[in-house]
Structure formats: C-alpha cells, structure tokens
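> Structure below; questions to follow.
The values are calculated or read from the model by the stated rules, or taken from the named source; none is laboratory data. Bear in mind that the values here come from a model prediction, so they are computed numbers and not experimental data. Every residue, glycine among them, receives a Cβ derived from its backbone with ideal geometry; neighbour counts consider all protein chains shown.
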Amino acid sequence: MATSQMQVLLVEDEPAQREMLAYNLEAEGYQVRRAENGEEAMLLIDEAAPDIIILDWMMPLLSGIEVCRRVKSRPETRDIPVIMLSARSEEVDAVRGLDTGADDYVIKPYNLRELMARVRGQLRRVRPAASGEALAFEDITLDAGTHRVMRGDAEIKLGPTEYRLLVVFMEKPGRVFSRDQLLDLVWGRDIYVDTRTVDVHIARLRKALSVGNGVDPIRTVRGTGYALG
C-alpha cells in the first residue's frame, strides 16, 4: 500500500472515468484531489503541489498538453511526474505528449492494473523512501523499511521529525530546500508551524549526524534554506 502522504492530482473531465480512477487510487492508499478541467488543475497545483499528476489530454478550458507544459516550465513543479492519458493512439501524438514533458503516456482504454503499476513506478523514481527503499549519501544510509539510519558503522538515533527531514534531503541530495518547502514536506501543508521551528530541528539533525565528530553534511544556503551536501 502507498503511504498516506502520497498525493495524486487526478485531472479528468469525464465524471465516470474520474470517479472510477479516484476510487482505485484511494484503495491503493493515495490521497486523491480531483480536477475536471485544466484551469482547475492549475489552481490546485498552485495551492499545493502533488506528488504525481494523472492528466487527461482532451479537456475544456485548458488542454492537458498545456497544463503539462506549464507544470514542466516552472522550477518548483518541473520534477512532479506527469502521466498523460489520451484516446489518441497515433505514435505522433505520443511523441507530442512526451515532448511537452510528460513522464509517461497511456492510451485509452487502458488496463487499470497497468496504470497503477506505472503510478507506483513514477513515485518510486521521485519518492524512493516512500516505497520502502534504502537511500544512501556518502557514508550515510537510511533504510526506509526499518527506519534505521547509519553513518559508517554507527547507528544514528533520530526523532520522528529529524528522520522525516533526513528523508527529504536524502531523496534529493544537493537540492536546496527553503524553510517553507521543508514545512510543507515534513510537517504537512495544513499545519501551521513557525519557520524558525525548521532551524531548531535542522540543528538537532546536524548534532545527531555529527556522531563521532563526523563532518556536518547539511549545508546552509544564506537567504534560501538548506541542502544535503
């Protein structure tokens, strides 16, 4: 089952298709937000970026192709996987969909089991820890299945918040996260926490990771936020 924190934005103008897909995604454990047209989809993305977007090509007001183009042109959303759904079966249409930045292209009518497998595959690529995979950065290893963190031969004891922070950093080493982004990813989008709280937990994480006088792996980027490495 998927972690409850994995959010899917489902953009489909046909009500029966939308509800059938949403039902099956929720049965897999995903949180599903629905949009019935491209304009509504962009509003929901601006409100809170999802972990993955399932996007119908042919929609009123704003096409799926245009939604995909806009998502992939923004630095803050370009890494979100987009699976394009389309009744267009010609190779040229698939190429066009992928050329706009879609990560996958599924032709209608599709096999539901295959579509779910593709969703899981895209999420494993961008959120490996959420799928229970082990992560590694230099001499730090994180086993998402057992929640065990090692630095070299030493086991690192982390509180729940510090653990979630480390997961975010290790899934995208080198990427700079702002305090607001870390608040959304670690504490949740609907919870109000002062941004200074991030600094407190970063300090705790640094202290824990510096066991045995190890080098601090977390970099402070002045005026922006934090990065691993």
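> Within the range 183-229, restricting attention to residues that are modelled with pLDDT under 85, in contact with a strand residue (DSSP E or B) (Cβ under 9 Å, 6 or more places away or on another chain) and in a helix (DSSP H, G or I), which residue is nearest to residue 126 (Cα to Cα)?
185
> Can you pull out the residues in the range 116-173 that are under 17 Å from residue 210 (Cα atoms) and part of a strand (DSSP E or B)?
If the condition is that a residue be under 17 Å from residue 210 (Cα atoms) and part of a strand (DSSP E or B), then 136, 137, 140, 141, 142, 148, 149, 150, 151, 154, 155, 156 are the ones that fit.
> Only one of these conditions is not met by residue 28: (1) under 25 Å from residue 133 (Cβ atoms); (2) under 14 Å from the mean Cα position of the chain (by Cα). Which number is it?
Condition not satisfied by residue 28: (2).
> Any residue at all in the range 202-212 that is in contact with an Asp or Glu (Cβ under 7 Å, 6 or more places away or on another chain), in contact (Cβ under 8 Å) with a residue 40 or more places away in the chain and closer than 26 Å to residue 76 by Cα?
Taking every residue of the range 202-212 in turn, at least one turns out to be in contact with an Asp or Glu (Cβ under 7 Å, 6 or more places away or on another chain), in contact (Cβ under 8 Å) with a residue 40 or more places away in the chain and closer than 26 Å to residue 76 by Cα.
Quick grid of which residues meet (1) closer than 30 Å to residue 178 by Cα; (2) at pLDDT 85 or above; (3) in contact with a Leu (Cβ under 9 Å, 6 or more places away or on another chain); (4) exposed (fewer than 15 other Cβ atoms within 10 Å of the Cβ):
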| position | (1), (2), (3), (4) |
| --- | --- |
| 19 | no, yes, no, yes |
| 27 | no, yes, no, yes |
| 45 | yes, yes, yes, no |
| 67 | yes, yes, yes, no |
| 92 | no, no, no, yes |
| 112 | no, yes, yes, yes |
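> Oh, and also: Report whether or not residue 150 is surrounded by fewer than 17 Cβ atoms within 10 Å (Cβ to Cβ) and not assigned by TED's automatic domain parsing to the domain that holds residue 20. Full working, then the answer.
Details: surrounded by fewer than 17 Cβ atoms within 10 Å (Cβ to Cβ): yes; not assigned by TED's automatic domain parsing to the domain that holds residue 20: yes.
Spelling it out, residue 150 is indeed surrounded by fewer than 17 Cβ atoms within 10 Å (Cβ to Cβ) and not assigned by TED's automatic domain parsing to the domain that holds residue 20.
> What residue, of 173, 160, is surrounded by fewer than 19 Cβ atoms within 10 Å (Cβ to Cβ) and either out of contact with any strand residue (DSSP E or B) (no Cβ under 8 Å at 6 or more places or on another chain) or over 26 Å from residue 49 (Cβ atoms) (or both)?
160
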